[in-house]
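Below: one structure, written as structure tokens.
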Amino acid sequence: MTELHRAVITGIGAYLPENIVTNEDLSKRVETTDAWIYARTGIRRRHVARDDEMTSDLALAASRQAMSRAGLGAEDLDLIVLATTTPDSTFPATATRVQAELGVTQGAAFDIQAVCSGFIYALSVADNAIKLGQSRNALVIGAETFTRLLDWNDRSTCVLFGDGAGAVTLSRATDGNADDRGILSTHLHSDGRFYNLLYVDGGPSSTGTTGHVRMLGPEVFKHAVNKLSDSVEEALAANGMTSADVDWFVPHQANKRIIDSTAKKLGISTDRIILTVDEHANTSAASIPLALETGVRDGRIKKGDLVVLEAIGGGLSWGASVVRW
Ligand code: ACO
């Protein structure tokens, strides 16, 4: 029987483009107000990439920070998994551009497409590769220039999203898991019957265009709260834990109302939630590592803490992960 290894998060990095667009700014473009947006979503502002800034540029900045904090060089990495819905080009994978810019010439680099749950999916793939001995040091990135998919005349969607990137380095535990740190489990789900609740009305094989985000907001909201709370419960139960064991809840940052309702259903108090959606809106696959980086940098998330990650997005696809930091 193959020996299973534990994957530990050893470094984390984040990058947000400089350009900030406030709710007030948006109210000059579409019929909306700061009060409406904040009350319905908890969002105050979002970062928007410059025209010449690509997803790979954002990913690279976050990756460099994560690698430097982990003390890992290009020669150490043997796997790069990049979650994105907004690749630089239809192909090759944006991960390969990041690989080249980092100076990594060994191992594999590829993209994962699971929209807003992409980071959990990418984490799961890299975790499994480390578990099975296929990888020793992996880079897991969530990076998006999601605003490129927005219809700036559609007030029901254009106020919700932003651009950004976050990255973590995952390494095989060296101490034989003695202190129980690392990725304890990941849990993935999707149900394509809900395709039409949240999608882009374009693509290389359908229209030949990039397309724009279309969404049935209230429907997504209902699915989100139920599916997220179910998958967190599933993830905790798989580790013999309950929400009472959770030190930090780091949800996908789509909407404060979804986060609050999910946490309430799970019995997780607001002082245990890392909330960053006000600062950068929904950055899709980047939102979890961005929130995680905030919690780590400001000292709330400490070594040994039990951290629960969750996300849902187009597909519908969703999932959760339990991590001992
Ligand atoms: N400013 C002002 N009014 C608006 C805006 C806006 N930006 N957008 C919509 N409205 C109006 C609508 O036109 C509607 O007007 P009407 O009653 O005259 O028809 C009214 O506000 C209510 O619209 P609803 O869509 O019913 O508003 P709701 O309370 O559901 O809030 C929202 C909309 C914020 C999109 C909510 O449904 C939601 O959060 N859904 C989850 C969607 C989400 O977060 N998606 C992100 C991707 S998926 C994920 O990452 C989880």
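The values are calculated or read from the model by the stated rules, or taken from the named source; none is laboratory data. Treat the numbers as computed from the prediction; the structure is a model and nothing was measured. Virtual Cβ from ideal backbone geometry, glycine too; neighbours counted across all protein chains shown. Note: areas computed on protein heavy atoms with side chains; ligands, DNA, RNA excluded. Shrake-Rupley method; radii C 1.70, N 1.55, O 1.52, S 1.80 Å.
Structure notes:
- Residue match in the stretch 307-318 (condition: over 27 Å from Arg193 (Cβ atoms) and either open to solvent by less than 10 Å² (accessible area, probe 1.4 Å) or touching a Gly at 6+ places or on another chain (Cβ under 9 Å) (or both)): yes
- No other residue among Ser185, Ser124, Ser117 is buried (at least 24 other Cβ atoms within 10 Å of the Cβ) and either at pLDDT below 95 or polar (S, T, N, Q) (or both) apart from Ser117.
- Any chance Gly142 is farther than 28 Å from Gln253 by Cα and not in a helix (DSSP H, G or I): no
- Scanning the stretch 199-229 for residues being near the ligand (Cβ under 9 Å from one of its atoms) and open to solvent by less than 30 Å² (accessible area, probe 1.4 Å) gives a total of 5.
- For the stretch 259-292, the set of residues classified as open to solvent by 20 Å² or more (accessible area, probe 1.4 Å) and under 23 Å from Val159 (Cβ atoms) consists of Asp260, Ser261, Leu275, Asp278, Glu279, listed by residue number.
- Any hit, the stretch 306-313, residues being away from the ligand (no atom under 16 Å from the Cβ), more than 19 Å from the chain's Cα centre (by Cα), not β-branched (Val, Ile, Thr) and not in a helix (DSSP H, G or I): no
- All conditions but one from (1) within 14 Å of the ligand (Cβ to nearest atom); (2) not assigned by TED's automatic domain parsing to the domain that holds Gly133 apply to Thr2; the one that does not is (1).
- Test: residue in the stretch 87-110 that is under 20 Å from Trp318 (Cβ atoms), in a strand (DSSP E or B), touching a strand residue (DSSP E or B) at 6+ places or on another chain (Cβ under 6 Å) and away from the ligand (no atom under 16 Å from the Cβ): no
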